[in-house]
Amino acid sequence: MEKYIKLNTIDEVKQFVAITSSKDYDIKLEAKNTLVDAKSVMCILGLDLTKPIKLKADCKAEGELLHQLKPFLWQFLKK
């Protein structure tokens, strides 16, 4: 699954990491050909957070993850 997310504040990064850390499958973030662990606050803070970031998740329960990450999904934020 690939979606775009937007994280605007450190608190949002912490909330995002709390969700992703609870999953037992790989979740990565990609920005400008840099791939980082979506379960690491430090890795995420190293990205350019002024732009949307591509989320890559290798999961079977896609609906559950999307529901939990809805506040960060770019498609919902830009409306």
Would you point out which residue out of T50, T34 is closer than 15 Å to N8 by Cβ and among the hydroxyl-bearing types (S, T, Y)?
T50
Scan region 1-49 for residues that are closer than 18 Å to Q68 by Cβ, among the aliphatic types (A, V, I, L, M) and modelled with pLDDT of 95 or more and jot them down.
I5, L7, V13, V17, A18, I19, I27, L29, A38, V41, I44
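Counting just the residues of region 1-60 that are outside any helix (DSSP H, G or I) and among the hydroxyl-bearing types (S, T, Y), which one comes out nearest to W74 (Cα to Cα)?
Result: Y4.
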Are there any pairs with C-beta distances below 8 angstrom linking a residue in region 55-67 that is at positive phi to a residue that is among the polar types (S, T, N, Q) and loosely packed, with under 15 Cβ neighbours inside 10 Å, with the two at least 6 apart or on different chains, and if so which?
none
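The values are calculated or read from the model by the stated rules, or taken from the named source; none is laboratory data. Quantities reported herein were computed from a predicted structural model and do not represent experimental measurements. Glycine gets a Cβ as well: all are built from the backbone with ideal geometry, and neighbour counts include every protein chain shown.
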